[in-house]
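A.B. asks: I'd like to ask some things about the structure below.
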Amino acid sequence: MKRRPIAVLSFVAIATMLGISSQGQEKVDLTKELKSLSGSWTMISREVDGKKATEDDLKGIMRGLTIKRDENGKYTLSRDGKTLFEATSKLDPAGTPKKIDATVQVSAVQTDGDVKKGDVLPGIYEVQGDTLKVCMGKAGGTRPSQFSAVKGSGNSLVVYKRADK
């Protein structure tokens, strides 16, 4: 079974939730949305194209990994000070589910999904309290309509818990 490197797994999920789309939204709403996503996060579950990560997988992925989002739309995964993945995002918080487009800026790992700088990943997201759920489609593919990553979909579904309170 082929495993995707951490950078793609996390990025595809959280994939840079911090850009903005102002389609009918007031600036105050977008600022609040960005603030709700900013900070440090810990991955608590992950499924990619029907393959669910075990607890041991998640512990290995998270070992030494830092996942941060800032209020300017940048999402960064790093390990031991080295950036593994970075993306900027454009949010559209209108409607349910909320939409995100993540544009890859840095991908320092080889992936079986061929994710590279400049790729745009369509996705959806939901924030409930200290939990963030992100479902991303393939680069250039169709945006998921629900939080699902069943086999054959090519989707990534990742759930994060806020690490900094």
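The values are calculated or read from the model by the stated rules, or taken from the named source; none is laboratory data. Being a predicted model, the structure only gives us computed values, none of them experimental. Every residue, glycine among them, receives a Cβ derived from its backbone with ideal geometry; neighbour counts consider all protein chains shown.
A.B. asks: Within region 54-61, is even one residue over 21 Å from residue 161 (Cβ atoms), basic (Lys, Arg) and modelled with pLDDT of 80 or more?
C.D. replies: No, region 54-61 has no match at all.
A.B. asks: Turning to a different aspect of this structure: Do you know which residues across region 136-156 are over 17 Å from residue 119 (Cβ atoms) and either of a type in the set (A, V, I, L, M, F, W, C) or touching a helix residue (DSSP H, G or I) at 6+ places or on another chain (Cβ under 8 Å) (or both)?
C.D. replies: Listed by number, the residues that qualify are 147, 149, 150.
A.B. asks: Taking residue 112 as the residue in question, decide whether it is closer than 23 Å to residue 53 by Cα and either surrounded by fewer than 19 Cβ atoms within 10 Å (Cβ to Cβ) or at pLDDT 90 or above (or both).
C.D. replies: Answer is yes for this residue.
A.B. asks: On the given criteria, is residue 101 of a type in the set (D, E, K, R) and surrounded by 20 or more Cβ atoms within 10 Å (Cβ to Cβ)?
C.D. replies: Here the answer is yes, as residue 101 does meet what is asked.
A.B. asks: Give the residue, chosen from 150, 159, that is farther than 22 Å from residue 38 by Cβ, modelled with pLDDT of 90 or more and aliphatic (A, V, I, L, M).
C.D. replies: Of the residues listed, the single one that is farther than 22 Å from residue 38 by Cβ, modelled with pLDDT of 90 or more and aliphatic (A, V, I, L, M) is 150.
A.B. asks: In region 42-52, is there at least one residue being surrounded by fewer than 21 Cβ atoms within 10 Å (Cβ to Cβ), touching a helix residue (DSSP H, G or I) at 6+ places or on another chain (Cβ under 9 Å), outside any strand (DSSP E or B) and at pLDDT 85 or above?
C.D. replies: Looking through region 42-52, none of the residues is surrounded by fewer than 21 Cβ atoms within 10 Å (Cβ to Cβ), touching a helix residue (DSSP H, G or I) at 6+ places or on another chain (Cβ under 9 Å), outside any strand (DSSP E or B) and at pLDDT 85 or above.
Let's see how each residue does on (1) more than 22 Å from residue 146 (Cβ to Cβ); (2) of a type in the set (D, E, K, R); (3) within 16 Å of the chain's Cα centre (by Cα):
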position	(1), (2), (3)
42	yes, no, yes
50	no, no, no
53	no, no, yes
62	yes, no, yes
83	yes, no, yes
88	yes, no, yes
121	no, no, yes
